[in-house]
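What follows is a single structure, written as structure tokens, with notes after it.
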Amino acid sequence: MTITLLFQQDYTYPPSHQFILVPVRFYGGPAPFAIQAILDTGAVISVFDSAYTPQLGMPNYKNGIPTQLTLASGSIATGYIHNVRLELWRQALVAPIAFCPDWPNLIGMRGF
């Protein structure tokens, strides 16, 4: 079976990009804000740098559910999962996001 995806707009990535960046808008803090994240179909869960948690109104992100995170490079760290209000591709939803210091912003599969 062939599945065809149609998009309203074409986007050509520069040759220096070896991944797909998508805009993500977060809600829940004092004001909504948007950042770019890597679309990672190999990631089980979405992970974002914990530096964004104050903007989300999370004074202590370590109050979340701890989970072990592993990058393809083999780097291992502990992330803390919270259900977060966000918008992705103009769709508002609540998704589980793990927060970890100094981690690349990744959109994973869980919650989408």
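A simple rule links phi to the HN-Hα coupling: the Karplus curve 6.51 cos²θ - 1.76 cosθ + 1.60 with θ = phi - 60°, which for segment 63-69 gives 6, x, 7, x, 8, 7, 10 Hz, with x for Gly and Pro.
Applying a 10 Å radius around every beta-carbon, put 98-104, 34-40 in order of their mean neighbour count, most first. Display every interim value, and only then the final one.
Numbers: 98-104: 17.1, 34-40: 15.3.
Averaged packing, sorted descending, gives the order 98-104, 34-40.
Quick one: go through segment 53-70 and flag any residue whose amide nitrogen is under 14 Å from the point 7 Å out along the Cα-to-Cβ line of residue 78. Residues 61-69 fall inside that zone. With the largest listed first and rounded to whole Å, the semi-axes of the equivalent ellipsoid of segment 36-97 from the Cα gyration tensor are 19, 17, 10.
What would the Debye formula give as log10 I(q)/I(0) at q = 0.12, 0.13, 0.22 Å⁻¹ for the alpha-carbon point model of the chain, no solvent? Taken in order of the listed q values, log10 I(q)/I(0) reads -0.44, -0.52, -1.31. With both labels modelled 7 Å from their Cα along Cα-to-Cβ, the residue 6 to residue 62 distance reads 5.1 nm.
Using 0.36 nm per residue of separation minus the Cα-Cα distance, give me the extension gain between residue 51 and residue 16 in nm, one decimal.
Details: separation 35, 0.36 × 35 = 12.60 nm, distance 2.57 nm.
Contour length minus the Cα-Cα distance gives 10.0 nm.
Read-outs throughout are calculated quantities, based only on the coordinates presented, and are distinct from any laboratory measurement. All of these numbers come straight from a predicted model, not from anything done at the bench. As a convention, Cβ positions derive from the backbone with ideal geometry for all residues, glycine included, and neighbour counts pool all protein chains shown.
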